Amino acid sequence: MDFLIENWMLVAVAVGSAVMLMWPALGGAAGGAGVSPTEAVQLINREKAAVIDVCSPAEFAAGHVAGARNIPLDALEQQLPQAVKNKATPLVLVCASGMRSRRAVAIAKKLGYDKAVSLSGGMAAWRGANLPVQKA
């Protein structure tokens, strides 16, 4: 016990480090659902999930998931209801790194798309898994 009291700063640094290492796992569980590229392929093939790319049109043209529709994040709230009419359809939201798609999940869920998920790691993870990429 004396060691802990005398070295409270070391203990605080150790606890802080542990929290920071666990933060991504805790954030993923509490925040918007994220799926790996493999899980996304399963959703697309088994549940006929719609793939929505929330990148800019230029990023979309440079490479996107085959069959994805491009709806930029700033237009998602207005255009998603016309693009995917059935709110029970699973959605896989994609961006370059996974950051914008997590925000897109929150927008989609607000619109009533309860089966919306983000592709964790975005197109970088998709390419890293050697999955097919389409260019416009």
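The values are calculated or read from the model by the stated rules, or taken from the named source; none is laboratory data. Fair warning: this is a prediction, and the values are worked out from it, not measured in the lab. No Cβ is skipped: glycine too gets one built from the backbone with ideal geometry, and neighbour counts run over all protein chains shown.
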### Task
Report yes if some residue within region 83-97 is at pLDDT 95 or above, assigned to a helix (DSSP H, G or I) and surrounded by 15 or more Cβ atoms within 10 Å (Cβ to Cβ); otherwise report no.
no
### Which numbered condition Val105 fails, given (1) of a type in the set (A, V, I, L, M, F, W, C); (2) over 20 Å from Ala136 (Cα atoms); (3) in contact with a Cys (Cβ under 9 Å, 6 or more places away or on another chain)
(3)
### Inter-residue pairs, beta-carbon under 6 Å, first in the same structural domain as Ala49 (by TED's automatic domain parsing) and in region 96-116, second β-branched (Val, Ile, Thr) and in a helix (DSSP H, G or I), 6+ apart
Ala116/Val105
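What residue, of Ala29, Ala75, Ala12, is modelled with pLDDT of 95 or more and in a helix (DSSP H, G or I)?
Details: Ala29 fails: modelled with pLDDT of 95 or more; Ala12 fails: modelled with pLDDT of 95 or more.
Result: Ala75 is the single residue among Ala29, Ala75, Ala12 that is modelled with pLDDT of 95 or more and in a helix (DSSP H, G or I).
Being outside any loop (DSSP other than H, G, I, E, B), surrounded by 13 or more Cβ atoms within 10 Å (Cβ to Cβ) and out of contact with any Phe, Trp or Tyr (no Cβ under 9 Å at 6 or more places or on another chain) is the filter here; which residues of region 48-63 pass it? Show your work before the answer.
Going through region 48-63, the residues outside any loop (DSSP other than H, G, I, E, B) turn out to be 50-53, 57-62.
Of the ones still in play, those that are also surrounded by 13 or more Cβ atoms within 10 Å (Cβ to Cβ) are 50-53, 59-62.
Passing the criteria: Ala50, Val51, Ile52, Glu59, Phe60, Ala61, Ala62.
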